[in-house]
Amino acid sequence: MATQDEQDPRISKISSAIRVIPNFPKPGIMFQDITTLLLDTKAFRDTIDLFVERYRGKDISVVAGIEARGFIFGPPIALAIGAKFVPMRKPNKLPGEVISEEYSLEYGTDKMEMHVGAVQAGERALIIDDLIATGGTLCAAIRLLERVGVHVVECACVIELPELKGRERLGDKPLFVLVSST
Amino acid sequence: MVEMFAAENGLKGDPRLQAISNAIRVVPHFPKQGIMFQDITTLLLDHKAFKHTVDIFVDRYKDMDISVVAGVEARGFMFGPSIALAIGAKFVPLRKPKKLPGEVIAEAYELEYGRDCLEMHVGAVEAGERAIVIDDLVATGGTLSAAIRLLERVGAQVVECGCVIGLREVKGQLRLNGKPLYILVEPREIDGC
């Protein structure tokens, strides 16, 4: 199952803690703002617990989080399940040797980087971000990890925007989300 | 002197501090020549040492009636939320310009060359709340003092700033408006290998 089957009772509080900001960053976009979730101590705790309950004991040794909001959710999950946290960053932020993966934006391209040596071939990984829209960023993260021989077990996001078809773009990679926003 | 190093403030000889220090990687000449960059990503790969880092801050702050943990983008995001969750506080991200949607307040601060700006959401923090500011490293204190100013502008009380790494202050250089600063470890030097 890609989302919660019967809705866990914690989900509705999580959903209502998320604030929608119209026309950000540009007209027509209804921005899903998770910062209000972070202000609700119980809902933030529940968010992390829901991911931890799903992934604990599944032999996952890597939690990769996408800059920057993936850095908020990823580390608490990693700490709770005993995994490493690996930041996937915008260009030129990570010091030392990196590998990079280019991906498409609506207009133009961007690049995502990961440290060489952060992960080992054969490790089992999750990728965390606050939201999946088109899936472009998550796909770049999947490619980076797979290039070094890591098995991406699942992508996990707080929010999915199903109309943007990110789930299809992930192909055979499973996606787990807490809240689906139409 | 406002800085408190953990080893001199209750955690003398604590083996966790050595483990944390050992897990930090020094990358020479990043982002430019002459800078010995203290890379905490290797600490995040060491689950035990990462957990020790969070635990030490949690033990310190859990009984101080802190309701706000503010974390500075982006590496403050890697430590702040775990601390906030454990002590039952809100996490408030302090971000570079134009990242936060909705209404924000902004505070400018000096860089070595030029200026930058830190933003916080209006309404995230209420007057009278007790806050800590978390970042991975403190150098001049410019970013931390902008963070303190943001919180104080909305009437919050900044109790302390907490950083994983910090230098012993060069006299008069650190600008934290008199706020206490708690630091786990000093910067690593590059060794022969």
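Scoring A:ALA141 on the criteria (1) away from every other protein chain (no Cβ under 13 Å); (2) under 22 Å from B:ASP39 (Cβ atoms); (3) without any contact (Cβ under 8 Å) to a residue 24 or more places away in the chain; (4) small (Gly, Ala, Ser) leaves a single failure, condition (3). Under the condition of being touching a residue at least 40 places away in the same chain (Cβ under 8 Å) and out of contact with any Ser or Thr (no Cβ under 9 Å at 6 or more places or on another chain), the residues counted in region A:35-66 number 13.
Table: residues versus (1) surrounded by fewer than 16 Cβ atoms within 10 Å (Cβ to Cβ); (2) out of contact with any Asp or Glu (no Cβ under 8 Å at 6 or more places or on another chain); (3) at pLDDT 95 or above.
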| site | (1), (2), (3) |
| --- | --- |
| B:GLY34 | yes, yes, no |
| B:THR41 | no, yes, yes |
| B:HIS52 | no, yes, yes |
| B:GLY71 | no, no, yes |
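Name the single residue that is farthest from the other protein chains (Cβ to nearest Cβ) among those in region B:94-105 being under 19 Å from the mean Cα position of the chain (by Cα) and touching a residue at least 24 places away in the same chain (Cβ under 8 Å). This residue is B:LEU94.
For region A:13-29, give me each residue that is closer than 16 Å to A:GLU160 by Cβ and at pLDDT 95 or above. Explain how you work it out, then say what you get.
Kept after step one, since they are closer than 16 Å to A:GLU160 by Cβ, are these residues of region A:13-29: A:14-15, A:18, A:20, A:29.
A:ILE14, A:SER15, A:ILE18, A:VAL20 - these are the residues of region A:13-29 that are closer than 16 Å to A:GLU160 by Cβ and at pLDDT 95 or above.
When region B:27-44 is examined, which residues are found to be within 19 Å of A:LYS84 (Cα to Cα), in a strand (DSSP E or B) and in contact (Cβ under 8 Å) with a residue 60 or more places away in the chain? Hit for region B:27-44 is B:GLN38, nothing else. Among the residues of region B:60-80, those that are more than 10 Å from chain A (Cβ to nearest Cβ) and in contact with a Gly (Cβ under 9 Å, 6 or more places away or on another chain) comprise B:ARG60, B:TYR61, B:LYS62, B:ILE66, B:ALA70, B:VAL72.
Just to be sure before I move on: is A:LEU38 over 17 Å from A:SER180 (Cβ atoms) and of a type in the set (A, V, I, L, M) in the structure I sent?
Working: over 17 Å from A:SER180 (Cβ atoms): yes; of a type in the set (A, V, I, L, M): yes.
Against the criterion (over 17 Å from A:SER180 (Cβ atoms) and of a type in the set (A, V, I, L, M)), A:LEU38 qualifies.
The number of residues in region B:3-26 being closer than 20 Å to A:HIS115 by Cβ and either acidic (Asp, Glu) or outside any helix (DSSP H, G or I) (or both) comes to 3.
The values are calculated or read from the model by the stated rules, or taken from the named source; none is laboratory data. Note that the structure is a prediction, hence the values are computed from the model and not measured. Ideal geometry is used to build each Cβ from the backbone, glycine not excepted, and the neighbour counts take in all protein chains shown.
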